[in-house]
């Protein structure tokens, strides 16, 4: 019997032709990823994307568009992930923000810098979502719906 997939969120955030990325420890490896994480109970996908970005990068963001839903099964742990990816704009850097403990740093990288680190990317989804963003495979937020009552 297989386990249910993990529902995750991620954000592509571009500023001055650079993308906000995190360098993190995952499964004993140091890897690069978009700000991303798990959906918490009682939380909308958009709220989760905003929260995870703040927790992992120290940046407040505004979600502007929907990039898509991506499915991936990690060969390292066998977990299947359903990644809901959004496009966001940076709003403000929070001074002295405490990042999640597995995050080593948040950094702004160009597409060529990210491609040069392909062997250090957390999963193939990192480049896949960037390619979709670059090729304007972007959708309005109206594709997403939520009846979650957040407080």
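Could you grab the relative contact order for the range 6-138? Cα pairs under 8 Å, six or more apart, rounded to a whole percent.
Taking the mean separation of contacting Cα pairs over the length of the range 6-138, I get 33 percent.
Between residue 54 and residue 25, with labels modelled 7 Å along Cα→Cβ, what's the label distance in nm to one decimal, could you check?
Distance between the two pseudo-spin positions: 2.6 nm.
Between residue 99 and residue 17, how many nm apart are label points set 7 Å from Cα along the C-beta direction?
It works out to 2.5 nm between the two label points.
For n ≥ 4 DSSP H runs only, could you compute -39500 (n - 2.57) per run for the chain, divide by its residues and tell me the 222 nm figure to the nearest 500?
That comes out to -5500 deg cm²/dmol.
Sort 100, 27 so the one with the fewest other Cβ atoms within 10 Å of its own Cβ comes first.
Lowest to highest Cβ neighbour count: 27, 100.
Exposure proxy check: 108, 59 ranked by fewest other beta carbons within 10 Å?
So the ranking, lowest neighbour count to highest, is 108, 59.
At 0.36 nm per residue, minus the direct Cα-Cα distance, what do residue 146 and residue 82 gain on full extension? Give it in nm, one decimal, please.
Additional length available on full extension: 21.4 nm.
Describe numerically, in nm with one decimal, the distance between label points set 7 Å from Cα along Cα→Cβ at residue 119 and at residue 3.
Taking the simple label geometry, residue 119 and residue 3 are separated by 2.9 nm.
Using a cut-off of under 15 Å, list every residue of the range 71-115 whose amide N is near the label point 7 Å from the Cα of residue 40 along the Cα-to-beta-carbon line.
Residues 98-101 qualify, since their backbone N sits under 15 Å from the label point.
Based on other C-beta atoms within 10 Å, arrange 145, 6, 84 from fewest to most.
The most exposed by this proxy come first: 145, 6, 84.
Rounded, prolate or oblate: which one fits the range 66-105, using the alpha carbon gyration tensor with axes a ≥ b ≥ c (rounded when a/c is under 1.5, else prolate when a/b beats b/c, else oblate)?
Numbers: a/c = 4.88, a/b = 1.45, b/c = 3.38.
Oblate, since a/c reaches 1.5 and b/c is not below a/b.
Under the rule a/c < 1.5 gives rounded, and otherwise a/b versus b/c splits prolate from oblate, where does the range 6-47 land using the Cα gyration tensor? Mind showing how you got there, number by number?
On the way: a/c = 3.92, a/b = 1.19, b/c = 3.28.
Here the range 6-47 falls in the oblate category.
Any read-out appearing in this document is the output of simple, stated calculations on the displayed coordinates, not a laboratory observation. Not measured: the values here are computed from a predicted model. Neighbour counts are summed over all protein chains in view; Cβ atoms, including those assigned to glycine, are modelled from backbone coordinates with ideal geometry.
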